[in-house]
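Participant: One structure, pasted below without further comment.
Rule-based calculations on the coordinates, nothing more; no lab input. None of the values given here were measured: they were computed from a predicted structure. Here the Cβ is made from the backbone with ideal geometry for all residues, glycine too, and neighbour counts use every protein chain on show.
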Amino acid sequence: MTSTPASRTRALLLGGLAVAAVWFAFGASRPGSAGQPPAAAQPAPAIVGAPAAEERPADRDGVQKALDSFVAAFGKGDGKAVAAHWTAEGEYISDDGTTIRGRAALEKDYADFFAKNPDNALEVEVDTIRFPSRDTAVVEGHFKLHTGKKKELVVSRCSFLYAREDGKWLIAIAREWPGDGVEIRDLEWLIGTWETRRDGTVVTTKYEWTANKTFIRCQFSITKDGKTQTGMQMFGKMPSTGEMHTWTFEDAGGIGDSDISRDGKKWTFAARGATAEGKVITATNIMTPIDADTFTWQSVERTLDGEALPDQPPVKVTRVKGK
């Protein structure tokens, strides 16, 4: 194949510098303990005919403070303090259906978990709070667990049934819901700005949620020899198939898409598309998280207009702090 300047540039980008930037660029372990999220699940379905949520600001504030206290105790690794947020016979139901019932059993389970898994931080992202009765509240949301020294992010859907006893909001039931495959929330760790450099080329990508966290939008720029290419990429789930997908649009006119699959921590993007000049490109791109601020990216099985191109070695991509 004759290598024109344009084709060399495309091949270089196809080689892996664009991270999630252009369509050909690319698009955590459960110990069985309460509070350890599995893969994220789809948001809870809407309740048909449900009335508008009651305001009850004082009760909402009380439930939120109880959740904040639970998260703080979890962050300290204090099993007894975490279990104290349950009713005496409260229960936790894991994503696989395992049930832990009663404060004593919960305290032991949390203590064992913290002993085996130090350096964790938990967030509870609240989607809704509703009140089925005067002294009960249902919280729907997501656990966001930052695990170990690397602070890798794992997200799962969760729900709480709170009961008010002696004026105090306590957890009667906490449940984590199993995922149904690869979910958009599994990529939440990408949110933020990232950068990679190689052979004089700088690629910057910024990931952010769209409304309702239905899609992740990526704005990218690729700078080489004083020239910059820009574009946009969307991550989401196809409603017709339930499969994860990306769509990428270069401002110069290139367009493409990829199917996303996952094997443990490794993400694979089967990419295809066309450059602005009409050249057809395909590639298999592999993204592997290393820690909260680093992942590797590699492009293999690449073709340009049907002709095979060499595999590229992995490139390290790092988070830009403060952005």
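Participant: If I stretch the segment between Thr318 and Arg272 completely, what's the gain in nm (0.36 nm per residue apart, minus their alpha carbon distance), one decimal? Mind dumping the intermediate values first?
Facilitator: On the way: separation 46, 0.36 × 46 = 16.56 nm, distance 2.53 nm.
Gain on extension, Thr318 to Arg272, equals 14.0 nm.
Participant: Here's another thing I want to ask about it. With the cut-off at 1.5 for a/c, could you classify region 187-308 from its C-alpha gyration tensor as rounded, prolate or oblate? If you can, show how the numbers build up before the last one.
Facilitator: Numbers: a/c = 1.33, a/b = 1.15, b/c = 1.16.
Rounded, since a/c falls under 1.5.
Participant: Give me the number: length gained by fully extending Thr210 to Glu301, i.e. 0.36 nm times residue separation minus the C-alpha to C-alpha distance, one decimal in nm.
Facilitator: 29.6 nm
Participant: At R0 = 30 Å, how high is the FRET efficiency between Arg134 and Thr241 if r is their beta carbon distance? Nearest 0.05 is fine.
Facilitator: For R0 = 30 Å, the calculated efficiency reads 0.10.
Participant: Could you line up Lys279, Lys149 from fewest to most neighbouring Cβ atoms inside 10 Å?
Facilitator: Lys149, Lys279
Participant: Assuming a viscosity of 1.306 mPa s and a temperature of 10 °C, what translational diffusion coefficient in µm² per second does Stokes-Einstein assign to region 174-245, Rh being the Kirkwood radius over Cα pairs? If you can, show how the numbers build up before the last one.
Facilitator: Working: Rh = 14.1 Å.
Roughly 112 µm²/s, to the nearest whole number.
Participant: For a Förster distance of 35 Å, can you work out the FRET efficiency between the beta-carbons of Thr228 and Asp61, rounded to the nearest 0.05?
Facilitator: After rounding, the FRET efficiency stands at 0.15.
Participant: A follow-up question, please. Simple spin-label model, 7 Å along Cα-to-Cβ: Lys76 to Thr284 in nm?
Facilitator: Result: 5.0 nm between the two label points.
Participant: Quick one: grab Rg to one decimal and Dmax as a whole number for region 57-176, Cα atoms only, in Å.
Facilitator: Taking only Cα atoms of region 57-176, I get Rg and Dmax of 13.7, 43 Å.
Participant: Which distance in nm do the two modelled labels at Ala88 and Lys151 give, with both placed 7 Å along the Cα-to-Cβ direction?
Facilitator: Going from the Ala88 label point to the Lys151 one covers 4.1 nm.
Participant: Then there is this: On a straight-distance basis, which lysines could pair with Lys266 in a cross-link, Cα separation under 16 angstrom, same-chain partners fewer than 8 positions away excluded?
Facilitator: Answer for Lys266, where 16 Å is the Cα cut-off: Lys316, listed by chain and number.
Participant: While we're here: Step through the table entries Lys227/Lys265; Lys76/Lys116; Lys65/Lys265, compare each Cα-Cα distance with 23 Å, and write down the pairs that go over it.
Facilitator: Too far apart for the 23 Å limit: Lys227/Lys265; Lys65/Lys265.
Participant: Could I ask something else about it? Take Val202 and Asp293, extend 7 Å from each Cα along the Cα→Cβ direction, and tell me the distance between the two endpoints in nm.
Facilitator: Placing both labels 7 Å beyond Cα along the Cβ direction yields 1.9 nm.
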